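Asker: Dropping the structure in here first, questions after.
The values are calculated or read from the model by the stated rules, or taken from the named source; none is laboratory data. What you are looking at is a predicted structure, and each value in this text was computed from that prediction instead of being measured. Cβ placement follows ideal geometry from the backbone for every residue including glycine, while neighbour counts extend to all protein chains displayed. For accessibility, only protein heavy atoms count, side chains too; no ligands or nucleic acids. Shrake-Rupley method; radii C 1.70, N 1.55, O 1.52, S 1.80 Å.
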Protein chains: 2
Amino acid sequence: MQIGPYSFETFCEKVTEFHGYIAPGVILGGFMVSVGQQFLPADAIYDVICESRKCLPDAVQLLTPCTIGNGWLKILDVGRFALVLYDKNSGAGVRVWVDAEKLGQWPMINDWFFQLTPKSLQNKTELLQQIQAAGTDILNSAKIQIAPEFLRQHKHQGILVCPQCHEPYPVEHGTTCKVCQGFRLPYTLHR
Amino acid sequence: MQIGPYSFETFCEKVTEFHGYIAPGVILGGFMVSVGQQFLPADAIYDVICESRKCLPDAVQLLTPCTIGNGWLKILDVGRFALVLYDKNSGAGVRVWVDAEKLGQWPMINDWFFQLTPKSLQNKTELLQQIQAAGTDILNSAKIQIAPEFLRQHKHQGILVCPQCHEPYPVEHGTTCKVCQGFRLPYTLHR
């Protein structure tokens, strides 16, 4: 079973290099991306939505042209381990998610996924072996249609300098930047 | 002038491979990450905050161990082209941002940054040459201190199966998942 263009072992190496360690969630995410890609035409130009910010986005960034910085990957973090791939133009696509019921047949994956085993007691080698063996068997998928208003590009209307903090910000945010409007960033600055 | 461990040309290749094309924002972001790293001890274990979701996060993901999927990179999108690197434990760190005033000396960068030139009329080769020549000269930096409550790890309290949609979700979200609570995702599902 391939994960995108990679063998399981090569994908594990890619994950270590990018994500810092072999996270089971990124490996499982790799199978999910692969399933999604099979639903799209080979030449499809697609965007991706991740329904969790954990692990999944890195599988997408490793296996597709979609990154968080180029905007083709979006995270709508509702905490569900699911992703959506869709044609940029038509909005036709597929959602792939982990099927909770099917996890019952894979006790180690089930215990990891539902956080029933403390990390210190996890046997990671066996967990990864189960994820490899389960592959796409624990996943579900369904066709979806993206809402037209979400597809439309929100073009920037220009950049202004904030009259309060003197930093550039997008004009559509208002007469000052969001921080000067009260959005609290979690740091104090020593100028 | 190096960008992290890379020459300017090698970094451009890395950006093309990951981001899909040589985005001036990712190149500029590369200089910003490099400046930030110089403020931290060589062995520092640090997290990153991007104040914009555009381009910057990809520079961080290419040049640091911090990715969106491993959680060491966070995006607090207030639309300002700035990033913060800080020690995971102490919260001491640095903010790096583009200094709007200094852009006046670099007309092509200024026109690109403030979106004064339509993309079709941009001379991208010259723009990239100016960004390379300007390097860190158009940046500013200052020490910051992260708020203690932001540093504390928010550990998951467990995963439940949502009684409505039957999908797993984090228990701290409530008695159902966020979607079943009314968070609208931009697609319709055909089961």
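Asker: Confirm whether residue B:139 is modelled with pLDDT of 95 or more, assigned by TED's automatic domain parsing to the domain that holds residue B:25 and not β-branched (Val, Ile, Thr).
Answerer: yes
Asker: Select, from B:80, B:53, the only residue that is in contact with a Ser or Thr (Cβ under 8 Å, 6 or more places away or on another chain), assigned to a loop (DSSP other than H, G, I, E, B) and more than 20 Å from residue A:14 (Cβ to Cβ).
Answerer: Values: B:53 fails: in contact with a Ser or Thr (Cβ under 8 Å, 6 or more places away or on another chain).
Residue meeting the stated conditions: B:80.
Asker: Pairs needed: first member in the range B:9-32, of a type in the set (D, E, K, R); second member anywhere, surrounded by 18 or more Cβ atoms within 10 Å (Cβ to Cβ); C-beta distance under 8 Å; at least 6 residues apart or different chains.
Answerer: B:14/B:62
Asker: Can you name the residue in the range B:20-29 that is touching a Leu at 6+ places or on another chain (Cβ under 9 Å) and within 13 Å of residue B:81 (Cβ to Cβ) and is also surrounded by the fewest Cβ atoms within 10 Å (Cβ to Cβ) among such residues?
Answerer: B:24
Asker: Quick one: what pairs do we get from the range A:50-70, first residue more than 15 Å from residue B:62 (Cα to Cα), second surrounded by fewer than 24 Cβ atoms within 10 Å (Cβ to Cβ) and charged (D, E, K, R), C-beta under 7 Å, 6+ apart or different chains?
Answerer: A:52/A:77; A:53/A:77
Asker: For the range B:67-92, which positions are facing chain A (nearest Cβ under 9 Å), more than 17 Å from residue A:75 (Cα to Cα) and open to solvent by less than 10 Å² (accessible area, probe 1.4 Å)?
Answerer: B:82, B:84, B:86, B:91
Asker: Now for a different question. So residue B:51 ticks every box in (1) over 27 Å from residue B:155 (Cβ atoms); (2) crowded, with 19+ Cβ neighbours inside 10 Å; (3) charged (D, E, K, R) but one. Which box is left unticked?
Answerer: (1)
Asker: Oh, and also: Of B:9, B:13, which residue is in contact with a strand residue (DSSP E or B) (Cβ under 9 Å, 6 or more places away or on another chain), open to solvent by 20 Å² or more (accessible area, probe 1.4 Å) and either closer than 20 Å to residue B:127 by Cα or not acidic (Asp, Glu) (or both)?
Answerer: Checking each option against the conditions leaves just B:13.
Asker: Only residues that are away from chain B (no Cβ under 13 Å) and of a type in the set (A, V, I, L, M, F, W, C): list them for the range A:34-65, please.
Answerer: A:35, A:40, A:42, A:44, listed by residue number.
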